[in-house]
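The structure under discussion appears below in the form of structure tokens.
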Amino acid sequence: MRIDVLTIFPGMFSGPLDESIIKRAREKGILEINLIDIRAFSQDKHRSVDDYPYGGGPGMVMRPEPIFLAVEACIPLGGSSPEIILLTPQGERFNQRLAGELAGQEHLILICGHYEGVDERVRQALVTREISIGDYVLTGGELPAMVIIDAIARLLPGVLGAPEGTAEDSFSWGLLEYPQYTRPRIFRGMEVPPVLLSGNHEEIRLWRRRQALKRTWQRRPDLLEVANLSQEDRRLLAEVVSEGDA
Ligand code: ADE
């Protein structure tokens, strides 16, 4: 998969994309990330990327020309058309479903917005999708781009060791994840639930499912309304609810 990131601060990306799992995905050739400096496409003598808003008001607006030229330079001739995504608080809210959908694409172009925003004609004529990572305002689209790249990268085949790793994550089932424990069995007086040491796989599976349902019910009941629950889930959930917080 190829991701081109258009930014006026390419230096912000060194670190997060050069470590750990994303570093390995890039080295293995599963993920190609190109950082493109929008300023390099500015054609005026000051290499400006922003200008005053028409109509007045505070702040600056990103100029359309360098963004159009940078995007056009990323689009391969005769190739399939990439999804062109603007990171903005005004976009569709990012979630695991959207990460999965984007992970299935061959080529993404991410445009990191800044200042008071981008010239509206970028939205009108260039962008195919707008994404927000949450209802808060950041200084620019760089951190959101990194969040999205990270969430996508771990879904690409061959990036994580165990293929079932991502299937069991919080949200992949539409539920939060069950509690996990590792050694020692007793740590500062706190014991690992005995069922996990029982070796009984069916009991362990049921316990985990019940815990996932309980945690979701307690913390994110909104997720239960849209989750795809089996007969068994409904029975376990009814037990959890009847026990209250016990
Ligand atoms: N740019 C500034 N804030 C943002 C957000 N929450 N999501 C995406 N892009 C942004």
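The values are calculated or read from the model by the stated rules, or taken from the named source; none is laboratory data. Keep in mind the model is a prediction, meaning the values are calculated, not measured. Cβ: placed from backbone, ideal geometry, glycine included. Neighbour counts: every protein chain shown. Remember, those area values only see protein heavy atoms, side chains included, never the ligands or the DNA or RNA. Shrake-Rupley method; radii C 1.70, N 1.55, O 1.52, S 1.80 Å.
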| field | Given (1) within 14 Å of the ligand (Cβ to nearest atom); (2) assigned to a loop (DSSP other than H, G, I, E, B); (3) touching a residue at least 60 places away in the same chain (Cβ under 8 Å), number of the condition VAL127 does not satisfy | value | (3)
| said: I'd like the full set of residues that are part of a loop (DSSP other than H, G, I, E, B), open to solvent by 60 Å² or more (accessible area, probe 1.4 Å) and of a type outside the set (Asp, Glu), limited to the stretch 130-145. | reply: TYR136, VAL137, LEU138, THR139
| query | Of all residues in the stretch 173-191 being within 18 Å of LYS214 (Cβ to Cβ) and touching a residue at least 12 places away in the same chain (Cβ under 8 Å), which is most open to solvent (accessible area, probe 1.4 Å)? | reply | TYR181
| request: Looking for whichever is at pLDDT 95 or above and touching a helix residue (DSSP H, G or I) at 6+ places or on another chain (Cβ under 8 Å) here; the options are LEU110, LEU98. Which one fits? | output: LEU110
| query | Does the stretch 19-42 contain at least one residue that is assigned by TED's automatic domain parsing to the domain that holds GLN105, closer than 16 Å to GLY117 by Cβ and open to solvent by 50 Å² or more (accessible area, probe 1.4 Å)? | reply | no
| field | Subset tally (residues that are surrounded by fewer than 18 Cβ atoms within 10 Å (Cβ to Cβ) and in contact with a helix residue (DSSP H, G or I) (Cβ under 6 Å, 6 or more places away or on another chain)) for the stretch 59-92 | value | 1
| query | Any idea which residue in the stretch 93-119 is nearest to the chain's Cα centre (by Cα), counting only those that are within 16 Å of the ligand (Cβ to nearest atom) and open to solvent by 70 Å² or more (accessible area, probe 1.4 Å)? | reply | ARG93
| Listing of helices (runs of 4 or more DSSP H) fully contained in the stretch 193-246 that carry 3 or more residues being in contact with an Asp or Glu (Cβ under 8 Å, 6 or more places away or on another chain) | 201-219
